[in-house]
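For reference, the structure discussed in these notes is given below.
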Amino acid sequence: MSITTIVSFIKVTDSNGNVQDLYQNAKRDDFGALDNGSGSYVKNPNNYITFNGENYYYLPFVYQGAAKNRSGDNLEAQLVLANNALAMNRAREAVSNKWHIEVSVCVANPSTLSPERTLTIDNWLASSLSYDPTTVEVLLSSAIDAVGSNAPNRVLTTFMVGALPTSGQMQNR
């Protein structure tokens, strides 16, 4: 039997691209080791995982993947956090300022929790939040809404794809 360890990394940036938060949901702070001199636990300073050259600190969250909404024009996902003052304030700030959230899901080494292979990278906008006594749920939506916004057209060039046909007719024989 093999074990596959999955780690999610969230990178929160403001509308100017400034990084606000870096979190991962695998390596928690275990308060380190018992200090024999004082009899109390010494905080472990290595409670982060380095991913793409940045240190991601622990935050307990669940990333629930992309699904189409009822009208089919938008993709949505959720970040579910424990309801505490930190999570509530940061979630409220992210939604009110329309911060961008990049979620990377990786396969990690089970013993070191260091990422070995990236499975997906999704880019979202924090669009709304809801909460109950135990959880805070941040609704993530795609950056471009098919009803309210227009996506820039993509023009294929010879440099990008090679030789292009000179007519509008293409056949595969």
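Only the coordinates and a few stated rules stand behind these numbers; no lab work does. Please read all numbers here as calculations on a predicted model, not as lab measurements. Positions of Cβ are generated from backbone atoms using ideal geometry, with glycine treated the same way; all protein chains shown enter the neighbour counts.
General remarks:
- Chain lengthening between S15 and S2 when straightened (0.36 nm per residue, less Cα-Cα): 0.5 nm
- Peptides 50-63, 94-107 ranked from most to least packed give 94-107, 50-63, packing being the mean of other C-beta atoms within 10 angstrom over each peptide's residues.
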